[in-house]
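A.B. asks: Submitted below is the structure of interest, expressed as structure tokens.
Every number here is computed from the coordinates shown, using simple stated rules; none is lab data. Since the structure is predicted, the reported quantities are computational estimates derived from the model, not experimental observations. Cβ placement follows ideal geometry from the backbone for every residue including glycine, while neighbour counts extend to all protein chains displayed.
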Amino acid sequence: MSEFQKHLYLILHPNEALVASQLSPEEFGSHYSIGSARHFTGKVIFAEVDINYRHEYLRIDEYLGYTESGRPGKPKRTKFVKSYRVLEHIDIAAMHKLYVVTTDGAVLGLDPGQEPVDPGRRGRVRVYQEICPLRLVVASSLEPQQFGKYITAGTWSKGAPRIFFTQWDIDAEAVVKTNDVRSFSMGPLPNVNPTNLPTAIKELAEDPTKKTKTVSLNPSLDLMSYKNIQPGFWFADENAVKFYRMPTMEELHDKHRSFWRHL
């Protein structure tokens with residue numbers, strides 16, 4: 001019997017990979033963000049996968065067998081199972097807690113739950129950050145669950161069988177109305193041409209049949225704080241959606257102070 005409990009972790013950012021490990025989620029998040037010389041400094045997002053989950057594409061039993069350090073008292077930190085087309089081969093039902101990790105190794109665990117009621121008007125433009133396996137910034141008039149199903153079943157050219165994404169806490173239309181586009185103003189999305197978001201909103205408004213408009217090919221996740229994410233994260237495919245709520249800044253301050261301090 002193994003000295004340490006084994007886990008399966010699905011890394012969603014910065015790379016897509018299924019990893020076996022004898023580290024706890026908190027230890028794994030800290031190791032992957034700041035404890036490994038092979039990983040650059042940046043955010044890490046991963047989910048724990050049911051240890052009993054199996055798929056013929058993923059040789060899980062074989063690699064769990066390799067997940068032993070061979071040194072008494074020392075856990076095996078990482079054993080990569082697969083680094084290509086992983087998310088599409090893991091059922092959403094097999095995803096347990098989601099973990100978001102800051103650049104300096106603070107780890108916050110999120111439980112799946114009920115998506116909160118959105119007080120905003122229906123059909124308003126939202127700004128989504130696709131995280132895995134796609135990484136685009138996308139403006140869309142679709143609600144989050146509609147967006148997830150559209151990307152995984154409603155479009156072939158710009159979609160994927162399963163997707164993990166979040167929503168930036170941006171009132172896109174208000175930004176366009178109250179801020180003139182100037183060359184020295186980069187807008188609410190770093191590393192994105194400031195004219196892209198207004199152009200996307202204009203196209204969505206002028207063509208009701210258009211569901212989405214790409215704002216940027218460059219992901220903004222490493223350039224923006226977790227505090228800019230609301231209401232949370234979604235896994236989606238054509239049959240299922242699973243939501244993880246991101247605490248508000250007030251909740252982080254009151255209940256997750258150690259994580260809040262590292263934002």
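A.B. asks: Scan around Ala17 for amide H atoms under 5 Å from its own, H built in the peptide plane at 1.01 Å from N, and keep only partners 5 or more places away or cross-chain.
C.D. replies: The answer is Ile11.
A.B. asks: How would region 7-110 be classified by its alpha-carbon gyration tensor: rounded, prolate or oblate, with rounded meaning a/c under 1.5 and the a/b versus b/c comparison settling the rest?
C.D. replies: Working: a/c = 1.65, a/b = 1.16, b/c = 1.43.
Here region 7-110 falls in the oblate category.
A.B. asks: In what order do Leu10, Leu64 fall by count of nearby beta-carbon atoms within 10 Å, going from fewest to most?
C.D. replies: Values: Leu10 26, Leu64 17.
Sorted ascending by nearby Cβ count, the order is Leu64, Leu10.
A.B. asks: In addition: Helix 196-206 versus the longest principal axis of the chain: what angle, 0 to 90°, nearest 10, using Cα atoms?
C.D. replies: 60 degrees
A.B. asks: Mind sorting Leu197, Leu223, Leu12 by how few other Cβ atoms lie within 10 Å of their own Cβ, fewest first? Walk me through the numbers on the way to the answer.
C.D. replies: Values: Leu197 27, Leu223 14, Leu12 24.
Ordered from fewest to most neighbouring Cβ atoms within 10 Å, Leu197, Leu223, Leu12 come out as Leu223, Leu12, Leu197.
A.B. asks: Summing -39500 (n - 2.57) over the DSSP H runs of n ≥ 4 in the chain and dividing by its residue number, what mean residue ellipticity at 222 nm do you reach, to the nearest 500 deg cm²/dmol? Display every interim value, and only then the final one.
C.D. replies: Details: 7 runs with 47 residues, N = 263.
So the helix-based figure for the chain works out to -4500 deg cm²/dmol.
A.B. asks: What is the fewest-to-most order of Tyr32, Tyr57 by other Cβ atoms lying within 10 Å of their Cβ? Before the final figure, lay out each step's value.
C.D. replies: Working: Tyr32 25, Tyr57 13.
Least crowded to most crowded, the residues run Tyr57, Tyr32.
A.B. asks: Something else about it: Set Lys and Arg Cβ to +1 and Asp and Glu Cβ to -1, take the dipole of region 80-217 about its Cα centre, and tell me which of Thr102, Pro112, Pro190 lies farthest positive.
C.D. replies: Projecting each Cα onto the dipole axis, the largest value belongs to Pro190.
A.B. asks: Taking the Cα centre of region 126-248 as the origin and placing charges on Cβ (Lys, Arg +1; Asp, Glu -1), which of Asn239, Thr209, Ser141 is farthest toward the positive end of the dipole?
C.D. replies: Result: Asn239, furthest along the dipole toward the positive end.
A.B. asks: Each residue of region 135-144 in turn: what ³J(HN,Hα) in whole Hz from Karplus with 6.51, -1.76, 1.60 and θ = phi - 60°, glycine and Pro shown as x?
C.D. replies: With coefficients 6.51, -1.76 and 1.60, one gets 9, 7, 9, 10, 8, 7, 8, 7, 5, x Hz.
A.B. asks: Quick check for me: using +1 on Lys/Arg Cβ and -1 on Asp/Glu Cβ, what's the dipole size of the chain about its Cα centre, in debye to the nearest 20? Numbers along the way, then the final one.
C.D. replies: Working: 33 positive and 31 negative charges, 83 e Å.
It comes to approximately 400 debye.
A.B. asks: How about region 167-263: which chymotrypsin sites (Phe, Trp or Tyr not before Pro) there lie in a loop by DSSP and see at most 10 other Cβ atoms within 10 Å?
C.D. replies: On the way: sites: Trp168, Phe184, Tyr226, Phe233, Trp234, Phe235, Phe243, Tyr244, Phe259, Trp260; in loops: Phe184.
The qualifying sites are Phe184.
A.B. asks: What is the Cα radius of gyration of the chain over 2.2 N^0.38 Å, N being its residue count?
C.D. replies: Details: Rg = 19.3 Å, N = 263, 2.2 N^0.38 = 18.3 Å.
So the Cα radius of gyration is 1.05 times the expected 2.2 N^0.38 Å.
A.B. asks: Mind checking the dipole of region 76-140: about its Cα centre, +1 per Lys or Arg Cβ, -1 per Asp or Glu Cβ, Debye to the nearest 20? Don't jump to the answer; show the numbers that get you there.
C.D. replies: Values: 11 positive and 7 negative charges, 42 e Å.
Rounded to the nearest 20 debye, it is 200 debye.
A.B. asks: OK, next. Given Cβ point charges of +1 (Lys, Arg) and -1 (Asp, Glu) and nothing else, what value in debye, to the nearest 20, does the dipole of region 1-142 about its Cα centre take? Could you put the intermediate results ahead of the total?
C.D. replies: Values: 18 positive and 17 negative charges, 83 e Å.
Magnitude of the dipole: close to 400 debye.
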